[in-house]
Amino acid sequence: MLWEAIGFYSLAFFLIFFAYKTITAINPIHSALYLVLTMIGLAAVFYDLGAHFIAGVQLIVYAGAVMVLFVMVLMLFDLRAELRAFSRGLFSGMLKIISAGLLAGIFFAGSDSSIAILDTPAAAPSADVSRQLGILLYTKYLYAFEALGVLLLVVAVGVVAVSRIKGGTHARH
Amino acid sequence: MGADVFEITVNFVKMVAIFLLMVQIVPLLVWVERRGSAYIQNRFGPNRVGPLGLTQLLADAVKFLTKEDFVPGRGYPFIYYAAPIVAMIPAALALNAIPLSSPVHVEAFEMLGQTWGPYVFLAQGYEFGIGVVFVLGVSSLAAYALLLAGYGSNNKYSMYGALRASAQTISYELAMGLSIVGVILLFNTFNFTEMIAQQAGPLVFSLFGHKVEALSFLPNWGIFYQPLGAIILFAAMFAEANRLPFDLPEAEGELVAGYHTEYSGFKFNMFFIGEYGHMFVASLLMVIFYFGGYTLPGVNPETVGKWFADFSPTKASLLTALVLHGVLMAKVVFFLWIFIWVRWTLPRFRYDQLMDLGWRTMLPWALANTILTAIFILIARHPWGS
């Protein structure tokens, strides 16, 4: 238990450090790269807590695909106007206060169950875990799952529509 | 890690050995690449230094180590130095999670006045229980090395290379992941060793509860169940490893050398090791998914174990693992040669052709393959929901 606790808390320390650097880094690309490290650390924490399949999916989807797109888009665009818009003004001030409140809430809730999180149920073979996950997704949570699919489809169609209006290689003439 | 000192030591040595296997195969592959390209183009290739030009590699290594260490003045030094190291990590992590042979069973023995209990050593660095998913997840991180290199160099050509690399990797990762879903459905497991075990033996299709044994002279390999998936996976692997015809990120005619324009000496060599490591992992995955892994018709852990029945169980198990490792490596070397062969045969794609191939051809075919496999398995293996 002691070694598990040391492992978990050192992982958690790195995770919080990277997350902190994500929001304090001035350069947007450095910030995104810290977010990548945060995502990889999150996968490690999932693995540490016994959710092996979720850890793998976290690596593939978030660290491997979503964040590559983030970094690529940040490299493509000049973000000075957006940087100014989010560094001062009423709107960003409100955002800062709200996120500070959320962080405080998470902190108090988390400190309540700080070591109990390591009491994971006895580990089942991970193939069975992913099988149970699939069965749950397609029975109990079917409507939520399908609704998410529809939402993503709407987003994809919307992005295509917007990018065709704004011009580009596949624009309508 | 292991229960006692001996097991921990062996497991650690195993990981280091597999990493060194990946690093040491690079000079050999470079030699094969140069001699092979010369053979394909009707030239001689390097043949002056040592027998068959083999010691050319040593000369290259000395050159790499003694070159001037150059850092671009306006770049980001930390990111610039980190990129070549990041390039080696994904391939090394993925390679350690793939079994290179059958497990070695060690009987209890006496050493240093103590009995060391029976062990089972897997022929891989570690077993995470999610096999395929871990390998996919780790190798999807490979794009960061190119992004970091392009960004850290602060050079237009490097940046273009990095942008191309990331767009290409994302596009082909989808087709790659979907073609592997077909394999996972077919074998009904994430575990590489179980996949290989299912491919030992003759080819017997099971249809609606009947066995079709007409083709039982063939081995029970995945290629006969998933031919389309195999082709898509292999093509996507070329794109993931940034090999020709998909080496747009380092297209020398347009971008000087793409993302590694500013790198020289050993840092450049580390990008090279990463690329060849990806080829190695890709060939291993092809062999394990579609070509029977370390088995051949009549050669699987049980039959080979019988060849060495005269030896003590520990020795027999070790020799079996060695023979099967040889079988696996022979197949892997064949696929590595195809990688080199294709590189010196096909010209590079244009960028829009690359994107069209990824999104409009390979992705729909991979999706169709997944859906058809799922429907077919549902009907043929579990007729009407039994």
Only one of (1) surrounded by 21 or more Cβ atoms within 10 Å (Cβ to Cβ); (2) within 9 Å of chain A (Cβ to nearest Cβ) fails for B:THR189. Which number is that?
(1)
Got a number for residues in the stretch B:251-277 being more than 21 Å from the chain's Cα centre (by Cα), in a helix (DSSP H, G or I) and not aliphatic (A, V, I, L, M)?
9
Check off (1) at pLDDT 85 or above; (2) within 14 Å of chain A (Cβ to nearest Cβ) for B:GLY75 and give me the number that stays unchecked.
(1)
Taking B:VAL120, is it surrounded by fewer than 23 Cβ atoms within 10 Å (Cβ to Cβ), away from chain A (no Cβ under 11 Å) and under 22 Å from A:ALA51 (Cβ atoms)?
no
For a quick check of your reading of the model, give me the residue pairs whose first member lies in the stretch B:143-156 and is surrounded by fewer than 24 Cβ atoms within 10 Å (Cβ to Cβ), whose second is not in a loop (DSSP other than H, G, I, E, B), with beta-carbon atoms closer than 7 Å and at least 6 apart or on different chains.
none
From the residues in the stretch B:65-87 that are hydrophobic (A, V, I, L, M, F, W, C) and surrounded by fewer than 16 Cβ atoms within 10 Å (Cβ to Cβ), which one is farthest from B:PHE268 (Cα to Cα)?
B:PHE78
Please identify the pairs in which a residue from the stretch B:217-229 that is more than 15 Å from B:TRP365 (Cα to Cα) has its Cβ atom under 6 Å from the Cβ atom of a residue that is surrounded by fewer than 20 Cβ atoms within 10 Å (Cβ to Cβ) and small (Gly, Ala, Ser), counting only partners at least 6 apart or on another chain.
B:ASN220/B:GLY201
Hits in the stretch B:129-139 (condition: at the interface with another protein chain (Cβ under 7 Å from one of its Cβ atoms) and modelled with pLDDT of 85 or more)
B:VAL133, B:PHE134, B:LEU136, B:GLY137, B:VAL138
So, of the residues in the stretch A:34-85 that are within 9 Å of chain B (Cβ to nearest Cβ) and farther than 16 Å from B:TYR144 by Cβ, which turns out to be surrounded by the fewest Cβ atoms within 10 Å (Cβ to Cβ)?
A:LEU76
Number of the exception - B:PHE334 against (1) at pLDDT 90 or above; (2) in contact with a Pro (Cβ under 6 Å, 6 or more places away or on another chain); (3) not hydroxyl-bearing (Ser, Thr, Tyr):
(2)
If B:GLY292 satisfies all but one of (1) touching a strand residue (DSSP E or B) at 6+ places or on another chain (Cβ under 6 Å); (2) in a helix (DSSP H, G or I), what's the number of the condition it fails?
(2)
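The values are calculated or read from the model by the stated rules, or taken from the named source; none is laboratory data. Quantities reported herein were computed from a predicted structural model and do not represent experimental measurements. Positions of Cβ are backbone-derived with ideal geometry, glycine not excepted, and every protein chain shown enters the neighbour counts.
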